[in-house]
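The values are calculated or read from the model by the stated rules, or taken from the named source; none is laboratory data. Here the structure is a predicted model, which is why all the values come from computation and not from measurement. Glycine also receives a Cβ, built like all others from the backbone with ideal geometry; neighbour counts cover every protein chain displayed.
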Amino acid sequence: MEIGLLVLGVAAGILSGLFGIGGGVVMVPSLIALFGLNILDANATSLAAMLLPVGVLGVVTYYRAGYINIKDALWISAGLLLGSFFGAELAVNVKEGLLAKLYAGFLLYIAVGYLDVPAMFRKKRLVGEGSEPKQRAFWCFILVGLLAGIVAGMFGKGGGIIIVPALVKLFHYDVKAAAATSLAALQLPVGLPSVIVYANDGHLSFLYAGLIAFGIVLGAFLGTKMAVRMPVSIFKKVFAVFLLAVASFMVFKYM
């Protein structure tokens, strides 16, 4: 089982480096389906595994490539820290089946937007390519972080699944810059409030979290290297297919 958790950490790290999502979006379903954890135990393990700056090697790679906006990342982190507490409180008090279905619907909405079906039939510039990021007040980034933190606390995910689409759609970030800035925001221990809530409720395994975190360090570095070299158009489609797969699993799991 220990080897399996390490492999899961590497896989989660690769996705984290590729898409700036923190890795929880693959960790939670995998812990449920492959390791037999219930959703609250899986959430707690996933969030605890991401408390340490496990993606720092990936952040360095993105920073050297010029993709990270440090100031925006810090404001997002502030929102994440606050939102993660409320998300965890909701998770331990609300029916998980309903939350999972709502989350799956949200993922489907994002995935359809990234696939950009109309552009397949006509020439159209992809969102996030060639447009300058919009200048926004700092509180806009805090709000994005707050929403992402709530979702992270509820579903055991790092919050990047909210941050990346928001930066692309609302702030006109390049999709790689969005992934890079999101990954940077997630390196601070923004999930600590939610981990405390889950631990106090008896849902945390430090051993599982530690093994996964070790794997994430290597995986995030590899994923970032892949992302830097991948064309933006391919990057977006791969991300969309990944979201569709996760959404389908969530719907199937909680039918």
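Numbers at a glance
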| quantity | calculated |
| --- | --- |
| Candidate set from the range 160-204 (those that are among the aromatic types (Phe, Trp, Tyr) and touching a Leu at 6+ places or on another chain (Cβ under 8 Å)); member that is nearest to Leu57 (Cα to Cα) | Tyr173 |
| Test set (1) at pLDDT 85 or above; (2) within 22 Å of Val246 (Cβ to Cβ); (3) in contact with a Gly (Cβ under 7 Å, 6 or more places away or on another chain) - Thr45 fails condition number | (3) |
| Single match in Leu102, Leu115, Leu147, Leu143 (criterion: closer than 30 Å to Ile212 by Cα, hydrophobic (A, V, I, L, M, F, W, C) and at pLDDT below 75) | Leu102 |
| The range 172-200 residues that are basic (Lys, Arg), paired with ones that are part of a helix (DSSP H, G or I) (beta carbon under 7 Å, 6 or more apart) | Lys176/Ala227; Lys176/Val232; Lys176/Phe235 |
| The range 228-252 residues that are closer than 14 Å to Ala111 by Cα and modelled with pLDDT of 75 or more, paired with ones that are aromatic (Phe, Trp, Tyr) and in a helix (DSSP H, G or I) (beta carbon under 7 Å, 6 or more apart) | Ala240/Tyr114 |
| Residue match in the range 84-97 (condition: in a loop (DSSP other than H, G, I, E, B), crowded, with 24+ Cβ neighbours inside 10 Å and of a type outside the set (Lys, Arg)) | no |
